[in-house]
Amino acid sequence: FNDFKPGVLKDEMVYDFSHLINGIDFSRYPRETIEHMITHFDHLLPELNKLLNQSTGVAVKSVHLRAPSPDPRQLLCAAKNYKDGHEIPKPDFFLKAKETIIGPDESVHLPSVDAKVFNAEPELAVIIKKKAQNVSAADAMNYVFGYTCFLDVSARKVSPTYYMHKSYWTFAPLGPHIVTADEIRDPHN
């Protein structure tokens, strides 16, 4: 929130836990902030719970919420949900420019391009907690840290490739927060 400080949301209050992550300039290195929090989450969890019980938060309405993962290493999307008149026989994947990410209360700006239509697809974003390559389906959930809301915006028919019509500035609103995987029993429902 605000200048990329890490916070925990509980009962419409935000609790700043930046003092638990030393040595990172949050405003300059937001990726390092979230990666540190994810990597050390098991260690941080008791401290976060203590913080929630012993300190005072600020009203979520009084802060500027940022994208909860503002600078991920990759933004990998599945081309399976939206059919637009044709069936995709099996899941396909594409990269979307990570510079498209904006926070939950920021505005999408439509570019001056000859698009057939501008489209916004609400998606469930999965936050991966460790390097994943050639992961089996049976082991996949062990790589999931949590989930957030994602809006996949497109300028349809601008280009034959997904990357071009989905990677305009502001085309990836993300957030408002991450819900950890242990809080969601079945992410498919």
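The values are calculated or read from the model by the stated rules, or taken from the named source; none is laboratory data. On a predicted model such as this, the values are computed, not experimentally measured, just so you know. With ideal geometry, Cβ positions are generated from the backbone for all residues, glycine too; neighbour counts draw on all protein chains shown. Accessible surface areas use protein heavy atoms only, side chains included; no ligands, DNA or RNA. Shrake-Rupley method; radii C 1.70, N 1.55, O 1.52, S 1.80 Å.
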When you look at Gly57, is it over 25 Å from Val144 (Cα atoms), over 15 Å from the mean Cα position of the chain (by Cα) and open to solvent by 50 Å² or more (accessible area, probe 1.4 Å), yes or no? no
Candidate set: the stretch 161-189, residues that are among the hydrophobic types (A, V, I, L, M, F, W, C) and without any contact (Cβ under 8 Å) to a residue 40 or more places away in the chain; chosen: the one nearest to Lys96 (Cα to Cα): Met164
Could you go through the stretch 51-65 and let me know if any residue there is in contact with a helix residue (DSSP H, G or I) (Cβ under 8 Å, 6 or more places away or on another chain), over 30 Å from His165 (Cβ atoms) and at pLDDT 90 or above. yes
I'd like to check something: does the stretch 135-152 contain any residue that is over 16 Å from the mean Cα position of the chain (by Cα) and either assigned to a strand (DSSP E or B) or aromatic (Phe, Trp, Tyr) (or both)? no
State yes or no: is Glu106 surrounded by 16 or more Cβ atoms within 10 Å (Cβ to Cβ), part of a loop (DSSP other than H, G, I, E, B) and not polar (S, T, N, Q)? yes
Which residue pairs have Cβ atoms closer than 7 Å, lie 6 or more positions apart in sequence or on different chains, and pair a first residue in the stretch 27-45 that is closer than 14 Å to Ile178 by Cα with a second residue that is assigned to a helix (DSSP H, G or I)? Met37/Leu44
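Yes or no, residue by residue, for (1) under 16 Å from Leu151 (Cα atoms); (2) at pLDDT below 90; (3) surrounded by fewer than 13 Cβ atoms within 10 Å (Cβ to Cβ); (4) under 18 Å from the mean Cα position of the chain (by Cα):
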position	(1), (2), (3), (4)
Asp42	no, no, yes, no
Pro68	yes, no, no, yes
Ile88	no, yes, no, no
Glu99	yes, no, no, yes
Of all residues in the stretch 17-34, how many are under 17 Å from Gly175 (Cα atoms) and surrounded by fewer than 18 Cβ atoms within 10 Å (Cβ to Cβ)? 1
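Does the stretch 140-160 hold any residues that are farther than 30 Å from Asp42 by Cα, open to solvent by 30 Å² or more (accessible area, probe 1.4 Å) and without any contact (Cβ under 8 Å) to a residue 40 or more places away in the chain, and which are they?
Answer for the stretch 140-160, where residues must be farther than 30 Å from Asp42 by Cα, open to solvent by 30 Å² or more (accessible area, probe 1.4 Å) and without any contact (Cβ under 8 Å) to a residue 40 or more places away in the chain: just Pro160.
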